[in-house]
Every structure is written in C-alpha cells, then in structure tokens.
1. List the residues, sorted by chain then number, that are 5 or more residues from Phe37 or on another chain and whose placed amide H is less than 5 Å from its amide H.
2. In what sequence do Val33, Val147, Val43 fall when counting other Cβ within 10 Å, fewest first?
3. What ranking, highest mean first, results for peptides 53-60, 12-19 when packing means the other Cβ atoms within 10 Å averaged over each residue?
4. 7 Å from Cα along Cα→Cβ at both Thr77 and Glu40: what's the point-to-point distance in nm?
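Each reported figure results from applying straightforward, stated rules to the coordinates on display, with no laboratory input. Computed from a predicted model, the values in this text were never measured in an experiment. Note that we place each Cβ from the backbone using ideal geometry, even for glycine, and neighbour counts take in every protein chain shown.
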Amino acid sequence: MRLAGLQVNECPKILSIAPSINDHSVYFLAADVRFPFQIEGIVSYLSTRIPSDQELHDYAGEYLLLTPNSEEWDPHTAKHKDQEFGMTNYRGELKERPEDRILISSVNQSSIDCFTDPESFAAAMKSKVHRIRSVTSNQPKKKHKSVKASNLARRWRILLAQAQKTIEMTTQRCVRSGQVPSLN
C-alpha cells in the first residue's frame, strides 16, 4: 500500500501514545480519504466486499487503488532489503545522502557573486577541481590485492557461491591496510 503512495499507520489506537484518527488507518492523500483498520485478535484488516454490478456501473472510474499499479510485485525480492540497507548504517541510523550536504568553507561577497554569475561559478568550480586533482595525483598509488572468493568464504563461513556474488557486487575501491590506518 505504501508503494501505491498511501499513508499506512498499522499501530492500533490502544497501543498508540497519543491516539488520534490517524492511527490504525489507511489514508489516500490524493483523494483526502481515510479508511480505519478493523482488528481481529492481533490482525489488522480492512473490511471489504465485492461490489454489486450496479455499484460498478454507478461508480465507473471512481476507485482507489490499495496496491501499486504495476504488472507484477514480488514482496520477497532482495531489492527491498538492498534499498533499506543502502539507506542505513550498521546501527540502523539514516545515512547522510550526498545531495543533502553542501559544503561551503567560507562565505564572503566574492563567493556570493560567484553563484549569481554563471561564468564566475564555472571558473570557481574549475579552480576547486584542479586543486583537488593536484592533491590526489601527488599521492603514491598502491596496488592492493583483491579479495579471493575462497578466502572470503572461509573467513565468513559462507558458501563459495555467496562469496563470489559478494565480490561481484562490491567495488573494493577503498581497501584498508596497516600503512594507512585512517581514512581522512
């Protein structure tokens, strides 16, 4: 239902800290319609029935979709787990997304003018990129051995096929070693 754009609050009102109409309901934002869940034991549900032929005729085209309007949907796909994992760190906290972060080292009149004039902005960006490249190009490049599936399977005690898939799905671009103890 959430993939269909609905606001779903499955927490029963009796378990809510401050019960309101929003608890234990499904809300259709576009239609401004809310349906309350019913409860049977510990199972929440929406009371439904098959519409009559007359109702189908009278309300043709006026319906609300509870599920995404797509040809197929697999609730057991690993895609959902991967998306969740990509949004959180190992503690379950939300990761900072690069587009949420803007780094400005100092603000002065020239930097403000830079944003109002496209040519100044482009020149400023080129100078920053050049400085970054010059710093990184002076560092010695070390070639690290890549992880082998057999070693990974032995260390993590997983199947060789799982280890191979893990290696295929990861980049290994940031290999840590004893010579570089921190990543600044």
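1. Amide H neighbours of Phe37, under 5 Å, 5+ apart: Ser25, Val26.
2. Details: Val33 11, Val147 15, Val43 8.
Neighbour counts put them in this order, fewest first: Val43, Val33, Val147.
3. On the way: 53-60: 9.2, 12-19: 11.0.
Peptide ranking by packing, descending: 12-19, 53-60.
4. So the two model labels end up 3.0 nm from each other.
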